[in-house]
């Protein structure tokens, strides 16, 4: 278990840690010279029988609260230190507020310098501390009078700390360590230290730094100050890391070392925020704040999601809009300090690490956040019954550090079914699939002469307008089960087909022969009309119908090309492998400048090419719109 000290400057935190462990946690020359703790110090107490306590000694000066927070967010229990000679001081109060916001309900109060006061004074200090604790998560904490100088109460304090039990941090999720120190060790290289918040880290594991995304391999590690092969949740670890772009300068306090599955930096976590009752003014929407999450310290603003002001002592949903990306997961605790960083003003719990930049105050989004604020066992049943109708499992699992098997179990327990990364209630999924088929059926009945619906038209015609990614998954399922057919650019039911009449079919055979013969410079509508003695409007309607069923493509007004020929021309343009001019394209097709320009302008409109001055280049992602193209040689 990791125990963190808390308390006012010069109340004896470092001396007490030394009495408990034999280790002086002040490690900096400046700390020795000034006699105060400036940065985090670490010490370990080996109590035998495999039992060990790790201590994080934090600064007590208000100027160094940001350092205190870097260590406090990784601890399992608090050792609140109050001088029996001086009593409760400002940093005692602020540190307790932080402990409360971090949700720490395990801890002990050490009433230090007990040898300097008489029994009556000691009782008075104990009553003072009990009153202070009454409104915090440590209201049931025991108070132990101690003296680091005489040894009074030290053994009793050790026993009570051990009785608090082991770390409660979860080992079932993916690995996650909050970096609070980084240094270079001669002969070893880059070393980072921090507390493992979840999972296990093994020697030779390949991990990522968040938010930078740098790759790192664990060359060796120490867990609880001992060489080890594995570091587990709740242990302090030192990791000797190596990587192609890794250096001391590339790693900062506040980074996370994580499994690749958890690398998803964010700058918009949605949180449930509580403003301290002692704040004199309400917290306004868009207020600037210092944000402390894990060991990270960044600037940001509070975007309130429920109203424009939050009264002192109030709780509300909010989005933290950060100036830098951080690693965050659901359930992480956040501490907010005022813009001048002189006092703690609020605490928060991350509800959704990946808040949206828009529509963050809609009723639907607030309902989603209300569901996400539940425990893992309750959240999926509530999410699946929201109006959205689905859960993005690829986002849900990592946001809560759940492995795929655990997500699958929770989904099954909620009566849900998974389809290509999305979760649905079985009834919702069945209704959505039926809606796709019934909408196409209704369209065919209303427009029997139409070939079908294009995918986007079908999506917006459904009873429920699914997001594009979810609709694609639903549609793919229907296509695989052959309940929906893909016919060129259209979707139709298997029994529906657009058949030309005998006269039009005969005319089409003549037209298609000419389109094949003069494929890069085909006749226009009026040319076909004159050649076959058909009124021009009638010929235009025929070619428009042929366009709807995907046999031809209208590249310019009244200028139709066979669909495979359009794909062939795209391949010719892509084969340049560089920017090309209209003249170069014209020479490849040998069809004249005017027609070549019409084709290129068609490509521009459909995003197949991008024009810059007199040159164009193809866009690889858009090449397959009209069929497969030949691979450039």
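The values are calculated or read from the model by the stated rules, or taken from the named source; none is laboratory data. What you see is a predicted model; the values in this text were computed from it and never measured. Cβ sites come from the backbone with ideal geometry, for glycine too, and all protein chains shown count toward neighbours.
Taken residue by residue, segment 186-193 has at least one member that is closer than 20 Å to residue 41 by Cα, crowded, with 22+ Cβ neighbours inside 10 Å and not assigned by TED's automatic domain parsing to the domain that holds residue 130. Filtering segment 445-503 to residues that are in contact with a strand residue (DSSP E or B) (Cβ under 9 Å, 6 or more places away or on another chain) and at positive phi leaves only 452. Scan segment 480-495 and tell me whether some residue there is out of contact with any helix residue (DSSP H, G or I) (no Cβ under 9 Å at 6 or more places or on another chain), in the same structural domain as residue 392 (by TED's automatic domain parsing) and surrounded by 14 or more Cβ atoms within 10 Å (Cβ to Cβ). Yes, there is a match, as at least one residue in segment 480-495 is out of contact with any helix residue (DSSP H, G or I) (no Cβ under 9 Å at 6 or more places or on another chain), in the same structural domain as residue 392 (by TED's automatic domain parsing) and surrounded by 14 or more Cβ atoms within 10 Å (Cβ to Cβ).
Can you find a residue that is under 18 Å from residue 489 (Cα atoms), surrounded by fewer than 15 Cβ atoms within 10 Å (Cβ to Cβ) and outside the structural domain of residue 485 (by TED's automatic domain parsing) anywhere in segment 569-576? Within segment 569-576 (the criterion being under 18 Å from residue 489 (Cα atoms), surrounded by fewer than 15 Cβ atoms within 10 Å (Cβ to Cβ) and outside the structural domain of residue 485 (by TED's automatic domain parsing)), the answer is no, since none of the residues qualifies.
The set of residues in segment 448-482 being part of a loop (DSSP other than H, G, I, E, B) and either over 12 Å from residue 435 (Cβ atoms) or touching a residue at least 60 places away in the same chain (Cβ under 8 Å) (or both) consists of 448, 449, 450, 451, 452, 454, 464, 466, 467, 481, 482.
Of 407, 351, which residue is assigned to a strand (DSSP E or B) and in contact (Cβ under 8 Å) with a residue 12 or more places away in the chain? Result of the check over 407, 351: 351.
Quick check on residue 552: is it touching a strand residue (DSSP E or B) at 6+ places or on another chain (Cβ under 8 Å), surrounded by 15 or more Cβ atoms within 10 Å (Cβ to Cβ) and closer than 24 Å to residue 507 by Cβ? Considered against the rule, which asks whether it is touching a strand residue (DSSP E or B) at 6+ places or on another chain (Cβ under 8 Å), surrounded by 15 or more Cβ atoms within 10 Å (Cβ to Cβ) and closer than 24 Å to residue 507 by Cβ, residue 552 comes out as yes. Evaluate segment 425-439: report whether one residue or more is surrounded by 12 or more Cβ atoms within 10 Å (Cβ to Cβ), in contact (Cβ under 8 Å) with a residue 12 or more places away in the chain, in contact with a strand residue (DSSP E or B) (Cβ under 9 Å, 6 or more places away or on another chain) and part of a loop (DSSP other than H, G, I, E, B). Looking for residues that are surrounded by 12 or more Cβ atoms within 10 Å (Cβ to Cβ), in contact (Cβ under 8 Å) with a residue 12 or more places away in the chain, in contact with a strand residue (DSSP E or B) (Cβ under 9 Å, 6 or more places away or on another chain) and part of a loop (DSSP other than H, G, I, E, B), one finds none in segment 425-439, hence no.
Return the residue satisfying two criteria in turn: it lies in segment 334-373 and is under 24 Å from residue 280 (Cβ atoms) and out of contact with any strand residue (DSSP E or B) (no Cβ under 6 Å at 6 or more places or on another chain), and of such residues it is surrounded by the most Cβ atoms within 10 Å (Cβ to Cβ). Within segment 334-373, the match that is surrounded by the most Cβ atoms within 10 Å (Cβ to Cβ) is 343.
Taking the stated definitions as given, is residue 179 more than 28 Å from residue 15 (Cα to Cα) and out of contact with any helix residue (DSSP H, G or I) (no Cβ under 9 Å at 6 or more places or on another chain)? Against the criterion (more than 28 Å from residue 15 (Cα to Cα) and out of contact with any helix residue (DSSP H, G or I) (no Cβ under 9 Å at 6 or more places or on another chain)), residue 179 does not qualify. Applying the selection to segment 504-519, what residues are surrounded by 14 or more Cβ atoms within 10 Å (Cβ to Cβ) and in contact with a strand residue (DSSP E or B) (Cβ under 8 Å, 6 or more places away or on another chain)? Hits for segment 504-519 are 512, 515, 519. In the condition set (1) assigned to a helix (DSSP H, G or I); (2) closer than 27 Å to residue 489 by Cα; (3) free of Cβ contacts under 8 Å to residues at least 24 places away in the same chain, residue 545 is compliant with all but (3).
Suppose the filter is in contact (Cβ under 8 Å) with a residue 40 or more places away in the chain, under 20 Å from residue 508 (Cα atoms), touching a helix residue (DSSP H, G or I) at 6+ places or on another chain (Cβ under 8 Å) and in the same structural domain as residue 511 (by TED's automatic domain parsing); does residue 561 pass it? Answer is yes for this residue.
The selection criterion, being at pLDDT 95 or above and either assigned by TED's automatic domain parsing to the domain that holds residue 569 or not in a strand (DSSP E or B) (or both), does not hold for residue 505. Against the test of being touching a helix residue (DSSP H, G or I) at 6+ places or on another chain (Cβ under 8 Å) and closer than 27 Å to residue 334 by Cβ, the options 94, 142 yield a single qualifying residue, 94. Yes or no: segment 374-385 includes at least one residue that is in contact with a strand residue (DSSP E or B) (Cβ under 9 Å, 6 or more places away or on another chain), in a loop (DSSP other than H, G, I, E, B), closer than 27 Å to residue 176 by Cβ and not assigned by TED's automatic domain parsing to the domain that holds residue 210. Checked segment 374-385: no residue is in contact with a strand residue (DSSP E or B) (Cβ under 9 Å, 6 or more places away or on another chain), in a loop (DSSP other than H, G, I, E, B), closer than 27 Å to residue 176 by Cβ and not assigned by TED's automatic domain parsing to the domain that holds residue 210. Only one of the numbered conditions (1) surrounded by 19 or more Cβ atoms within 10 Å (Cβ to Cβ); (2) touching a strand residue (DSSP E or B) at 6+ places or on another chain (Cβ under 7 Å) is not met by residue 524, and that is (1). For segment 178-193, the criterion of being without any contact (Cβ under 8 Å) to a residue 60 or more places away in the chain and within 21 Å of the chain's Cα centre (by Cα) is met by none of the residues.
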